[in-house]
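Undergrad: Here it is: the structure, laid out below.
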Amino acid sequence: MSAGTKKNILVVGSGIIGLCSASYLLKDGHSVTIVERDPLGDGASCGNAGAIAATEIVPFALPGLWKDVPGWLLDPLGPLSLRLTYLPKFLPWLYLFLKSSSHQQVEKTASAMSAYLKTAFDDYAPLLGEAGLQSLLKTEGSLTVYKSEKGREKDSYYWDLTRRNGIEAHNLSRSEILEREPQLGELAKCGVYTPHWGHFANPADLIKGLAEQFTRNGGTYITDEIEHIEHQDNRPSSAITKSGQNIAFDQLVICAGAWSARLAKKLGDSFPLDTERGYNTTLPTPGIDLNNMVLFAEDKFVATPMNIGLRIGGAVEFAGIEAEPNYKRCDALLTLAQNYMPNLNGAGGTKWMGRRPSTPDSVPVISQSSQHTNVHYAFGHGHLGITGGAVTGRTVADMVSGRSASFDLNPFSINRFN
Ligand SMILES: Cc1cc2nc3c(=O)[nH]c(=O)nc-3n(C[C@H](O)[C@H](O)[C@H](O)COP(=O)(O)OP(=O)(O)OC[C@H]3O[C@@H](n4cnc5c(N)ncnc54)[C@H](O)[C@@H]3O)c2cc1C
């Protein structure tokens, strides 16, 4: 790379999105600095379910979904909760979420997400290879389980849309799901197997390993918090940290997860980002082995076999960024899991809460700023940050280096709700 094209790039945040972006930017020969206030801390990337859910192209806002919401909110074991004090702040996001659930919009979103996630595995390959992390990736596919044929039938639009976008999904009978997962009990009646799915055996090891490789490759990693952005000639030019450091940059990339909209606002871009808080429990001695990652469709939780035990998680809670976790959500998920897997040993689990950075239409923001050509955003990956992390990272490097993206970036624009 010539001196003229090599840029000083500041990446804010070292969750999966920041690390993949920074790693791909280094590959282009740029000088890259990450600033992260809390490595391996309260970001979403370390404690999640670890799935590369490359088949999950259908958005959460589906036509008619609103009919299920009251029942979910009233059920103490239900998948959705909302803290009433948060309702006024939540309403604008909810309005856009419902607006995104039109039939036409859902079809468009699925097609955009399918183009985006097509290279989910391929884009991880070089990053995992050079960091020696390949053994963390399991590519066994996933099993979605239903309590009845009627339950599977209720999701027929979801599966039809998935298949129409070229994704393999095989309906299985009860005996076929038991062949895959003998530990499932009476409640599991039928299922769907999707081969194009994988998971990381421990997302925290992935994050740690990618961060270590980033510094081995010559990147600079600073533990601090970005508080202000300074401008020179109306152009963002340096960031001021909590400890008072002034970090100059040519290009700025915001990958601050659920906290990104606050930084974007300082840069003149407003975006309706909320956080869907999710919970899980990792059981060190579950007493059972699962061969696949298993998704329990009607009760909306998942079980992931990890190298540290079995992780049972899911749930969506709207309560904002700052509210204290409500770990009763973990207990509710564990109770549900024991209903499906009667031999599951629920003792000794570690509980976790994470903040999914969520957009109303389930599409992340991968976009140049509307105000400044040297500012880029990569946030809002919701339930799919681990899945899309490497695709987003490669795309950020394409944007910064002026190359065309491998898919249409219009649906991912920071401006799309304006
Ligand atoms: C229960 C649960 C299960 C999930 N399961 C899956 C799954 O199976 N598959 C999947 O694909 N996705 C899953 N997700 C979603 C996934 O975890 C997120 O989409 C992803 O981790 C978001 O990554 P990120 O890098 O954008 O954000 P984060 O990981 O939150 O990273 C953002 C970082 O920015 C830092 N930061 C913020 N502001 C500043 C600042 N001003 N200065 C410096 N640093 C700052 C934060 O400290 C944080 O570390 C799950 C999420 C939850 C909660």
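Undergrad: Multiply the residue separation of GLU107 and GLU212 by 0.36 nm, subtract the distance between their alpha-carbon atoms, and state the gained length in nm to one decimal. Can you show the working numbers first?
TA: Numbers: separation 105, 0.36 × 105 = 37.80 nm, distance 3.99 nm.
Between GLU107 and GLU212, full extension yields 33.8 nm more.
Undergrad: Between the helical axis of 120-131 and the dominant principal axis of the chain, each derived from Cα atoms, what acute angle in degrees is found, rounded to the nearest 10?
TA: Roughly 60 degrees between the two axes.
Undergrad: Would you calculate the separation in nanometres between label points at LYS300 and THR220, each defined as 7 Å from the Cα along the Cα-to-beta-carbon direction?
TA: Taking the simple label geometry, LYS300 and THR220 are separated by 4.5 nm.
Undergrad: Related question: How big is the equivalent ellipsoid of the chain along its three axes, where each semi-axis is √(5λ) from the Cα gyration tensor, reported in whole Å from largest to smallest?
TA: With the √(5λ) rule applied to the chain, the semi-axes are 35, 23, 21 Å.
Undergrad: Right, another one. Between the DSSP loop rule and a limit of at most 15 other Cβ atoms within 10 Å, which trypsin sites (Lys or Arg not before Pro) in region 52-156 are left?
TA: Those satisfying the criteria are ARG83.
Undergrad: Further question: Quick one: Cα centre-to-centre distance for region 261-327 and region 333-387, in angstrom?
TA: For region 261-327 versus region 333-387, the Cα centre distance is 5 Å.
Undergrad: Give a quick list of GluC sites (Glu not before Pro) in region 174-277 that DSSP marks as loop, anything other than H, G, I, E or B, with at most 10 other Cβ atoms within 10 Å. Walk me through the numbers on the way to the answer.
TA: Working: sites: GLU176, GLU179, GLU186, GLU212, GLU225, GLU227, GLU230, GLU276; in loops: GLU186, GLU225.
Taking region 174-277 and a limit of 10 other Cβ atoms within 10 Å, the loop GluC sites (Glu not before Pro) found are GLU186.
Undergrad: Moving on. If you average 1/r over every pair of different alpha-carbon atoms in region 270-361 and take one over that average, what Kirkwood value in Å do you get?
TA: Numbers: mean 1/r = 0.0721 Å⁻¹.
Kirkwood hydrodynamic radius for region 270-361: 13.9 Å.
Undergrad: If ligands, DNA and RNA are left out, what is the accessible area of HIS170 with a 1.4 Å probe, given in Å² to the nearest 10?
TA: Counting only protein heavy atoms, the figure is 80 Å².
Undergrad: Follow-up question, since we're still on this one. Taking Cα atoms, how many degrees apart are the long axis of helix 16-27 and the longest axis of the chain, rounded to 10 and kept between 0 and 90?
TA: So the helix axis and the longest Cα principal axis differ by about 50 degrees.
Undergrad: Please give the length that would be gained between THR373 and ASP38 if that part of the chain were fully extended, namely 0.36 nm times their separation in residues minus their C-alpha to C-alpha distance (nm, one decimal).
TA: Values: separation 335, 0.36 × 335 = 120.60 nm, distance 2.81 nm.
Stretched out fully, the THR373 to ASP38 stretch lengthens by 117.8 nm.
Undergrad: So how much slack lies between VAL69 and SER243, counting 0.36 nm per residue of separation and subtracting their Cα-Cα distance, in nm?
TA: Working: separation 174, 0.36 × 174 = 62.64 nm, distance 4.44 nm.
Stretched out fully, the VAL69 to SER243 stretch lengthens by 58.2 nm.
Undergrad: What FRET efficiency would be calculated for the residue pair HIS231, LYS265, taking the C-beta separation as r and a Förster radius of 22 Å, to the nearest 0.05? Kindly include the intermediate steps, with their values, before the conclusion.
TA: Values: r = 15 Å, r/R0 = 0.67.
After rounding, the FRET efficiency stands at 0.90.
Undergrad: With the full set of protein chains in place, find how many percent of the accessible area of the chain is carbon and sulfur; take the probe as 1.4 Å.
TA: Numbers: 8870 of 17280 Å².
Carbon plus sulfur share of accessible area: 51 percent.
Undergrad: Mean residue ellipticity at 222 nm from the helices of the chain, using -39,500 (n - 2.57) per DSSP H segment of n ≥ 4 over the full residue count, to the nearest 500 deg cm²/dmol?
TA: -9500 deg cm²/dmol
Undergrad: Something else: About the Cα centre of region 1-53, how large is the charge dipole given +1 on each Lys and Arg Cβ and -1 on each Asp and Glu Cβ? Please answer in debye to the nearest 20.
TA: The calculated dipole for region 1-53 is roughly 260 debye.
Undergrad: If you don't mind, there's one more thing I want to ask. Specify the residue with the greatest mean-square fluctuation among GLY64, GLY278, GLY380, computed from a Gaussian network of the chain linking alpha-carbon atoms under 10 Å apart.
TA: Sorting by GNM fluctuation, first place goes to GLY64.
Undergrad: Moving on. What shape does region 307-349 take by its C-alpha gyration tensor, where a ≥ b ≥ c are the square roots of the eigenvalues and a/c under 1.5 counts as rounded, a/b above b/c as prolate, and the rest as oblate?
TA: Because a/c hits 1.5 or more and a/b exceeds b/c, region 307-349 counts as prolate.
Undergrad: How high is the FRET efficiency from ALA125 to LYS328, r the C-beta distance, R0 35 Å, rounded to 0.05?
TA: 0.30
Undergrad: Please compute one quarter of the surface area of the Cα convex hull for region 198-323 and express it in square nanometres. Don't skip to the answer; put the middle values down first.
TA: Working: hull surface 45.2 nm².
Result: a mean projected hull area of 11.3 nm².
Undergrad: Let me ask something additional. So, R0 is 22 Å and r is the distance between the beta-carbons of ASN307 and THR139; what FRET efficiency does that work out to, to 0.05? Intermediate results must be reported in sequence, preceding the final value.
TA: Details: r = 15 Å, r/R0 = 0.70.
Calculated transfer efficiency: 0.90.
Undergrad: Then there's this: Rounded, prolate or oblate: which one fits region 36-171, using the alpha carbon gyration tensor with axes a ≥ b ≥ c (rounded when a/c is under 1.5, else prolate when a/b beats b/c, else oblate)? List each step's numbers first, then the result.
TA: Values: a/c = 1.72, a/b = 1.25, b/c = 1.38.
Verdict is oblate for region 36-171.
Undergrad: Okay, moving on. Pairing the Cα long axis of helix 328-340 with the longest principal axis of the chain, what angle in degrees results, from 0 to 90 and rounded to the nearest 10?
TA: Once rounded, the angle reads 40 degrees.
The values are calculated or read from the model by the stated rules, or taken from the named source; none is laboratory data. Everything numeric in this text was worked out from a predicted model, so none of it was measured. No Cβ is skipped: glycine too gets one built from the backbone with ideal geometry, and neighbour counts run over all protein chains shown. Side chains included, ligands, DNA and RNA excluded: accessible areas come from the protein's heavy atoms. Shrake-Rupley method; radii C 1.70, N 1.55, O 1.52, S 1.80 Å.
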